[in-house]
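Here is the structure we will look at.
Every number in this text was worked out from the coordinates using simple rules, so none of it is lab data. Quick caveat, the model's predicted, so the values are computed rather than measured. Cβ placement follows ideal geometry from the backbone for every residue including glycine, while neighbour counts extend to all protein chains displayed.
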């Protein structure tokens, strides 16, 4: 019977209306009869009561309730049905129109009317970092709107971003759906009135081509030189020139793969540097700022560096727009110069003379940096591995060793990891085997390496699965550490930021999320376009470079000294100190003991294990190999033959 009933309902609209009428009558007529028979004022005769039942049922069903001759009652029923049909049609038309409008709004096809908002085009693993940092930068009294345009359902985008980032007071997230390369979709997010536009990279095979097409669409919509600043990123360095040409003079293009490769090399050589860079580039603490200091004209850079208690001066932006980082201490500021500083706020604070806090007797003598050799192990292979090997080769000291272990199913060893020539300073040896199998490592002295780099797969059906093999390798290494009772300096490359929270990393280990540094740079430049030239110098090989160096290069170990003393000692070496790292993190500084922009009057006893975070100059007395060693990801491709120039001139 249920099957026959379902078939009847699905037969036609008339059958559905018939069943609806039967069900209504089956409920309305008995209830109306019960009301009449229980009413003390109801007629006494059966005919009168049946008439009352008819009137009650007809009024309930909006059929008029006219009594009298059968024809008169039939006409009343017909009129009631026609009225019901007209009213239902009007209600249906209104409901359909409102429903279509609501569906259109939910689909994200309405125009964005805000101004000075940030537009994010595309969807990738970096969207959570970029949007999160942009929302963090616009909190604190500054209302802002962050708009995301991608070929996804807007409700899904808002749900995913809301679950990952949470709510931010004073910041509204607006999601729109459409292809970022479609001009009609681009018009929805009003890029012409935006403060900045961010074009995200993707891991697809043609992801770089899609980024270039989006940049061309922006140029076609806004003009070649009009519109807001544009920040974009591509994966392959071969596509950087085309992307920069499409972005125009107001565009900044970053390279994701080389950025990640260089950060991996730097973090492998100096553990803790990646965490310091993350802390420096996010908006939760101190970050780079470009400030106007007209009252400082006529002072030397050394005097300016010791005039701010809670800010660290690192360079200048000249009146012509060029950046000069870590200038010689005797460089004189002229009118029109702007100060590049690392500070917790947009302003460097009131001038304070910190010269009295400098203790010259606690400063360490200037000595050349030691040239130590290193032994590294590279586990796994992906498209960034050749860059890593190439960077290690260019900056290696004689006697350095690199062992590469990859699975045989990845094919023969690429040219970049074939046995090295005898004259090369880096000796590279290739081992075929499964990195997840401990038997592969029996011929290797794991605890004899200065650093172990674990690379993840490029594509394995999503970021979660691409990190599964990396997490398995980390667990295998952890078993080796527990068995030997020793720690291994492991650096893992991950794709999903959530994997870092569950990765089994020991006290000497760290993880680098693929593309995270690029995402942080994109957010910083989108929020403050003036920083583009600064970051180009900070992260370009022939400009300045971030480095963590032992504190005993600046102050005598075991001596109590102020941070102003460290700043003065760094200036003597042609460097700018912006913080320090201690291996005893406190509750207020949980990020591996990293302290950025401490007060210069702050005094502490400096131990041999402490490290100082400095910004070094490309020509500040270091050899070319030192520049390649300490440089971080570049944003330009001036050196096609290498990352370090053959000759360096003082800054």
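For the range 8-22 versus the range 327-359, the spacing of their alpha-carbon centroids is 83 Å.
Would you list 11, 393, 152 from fewest to most Cβ contacts within 10 Å? Lowest to highest Cβ neighbour count: 11, 152, 393. Ranked from largest, the principal axis spans of the Cα set of the range 211-295 equal 45, 43, 21 Å. Exposure proxy shown here: for 295, 599, the number of other Cβ atoms within 10 Å sets the order, fewest to most, as 295, 599.
Shown is the FRET efficiency for residue 369 and residue 153, computed with R0 = 45 Å from the Cβ-Cβ distance and rounded to the nearest 0.05: 0.25. Spin-label pair residue 225-residue 51: with each label point 7 Å from Cα along the Cα-Cβ axis, the two points sit 9.3 nm from one another.
Relative contact order for the range 118-249: 26 percent, from Cα pairs under 8 Å spaced at least 6 residues apart, divided by residue count. Distance between the pseudo-spin-label points of residue 41 and residue 7 (7 Å out from Cα toward the beta carbon): 5.2 nm. For the range 190-209, the residues whose amide N sits under 17 Å from a probe point set 7 Å from the Cα of residue 110 along the beta carbon direction are 190.
For the range 213-352, rounded, prolate or oblate, judged on the Cα gyration tensor with a ≥ b ≥ c (square roots of eigenvalues), a/c < 1.5 rounded, else prolate if a/b > b/c? Oblate. Contact order for the range 230-280, expressed relative to its length and based on alpha carbon pairs under 8 Å spaced 6+ residues apart, stands at 33 percent.
Under the criterion of Cα pairs below 8 Å and six or more residues apart, the relative contact order for the range 236-353 equals 26 percent. Taking a ≥ b ≥ c as the square roots of the eigenvalues of the Cα gyration tensor of the range 138-240, is the shape rounded (a/c under 1.5), prolate (a/b larger than b/c) or oblate? Taking the square roots of the gyration eigenvalues as a ≥ b ≥ c, the range 138-240 is prolate.
Listed from fewest to most Cβ neighbours within 10 Å, the set 86, 312 follows the order 86, 312.
Paramagnetic label reach from residue 85 (point 7 Å along Cα→Cβ; backbone nitrogen cut-off under 19 Å): within the range 1-38, residues 12-22.
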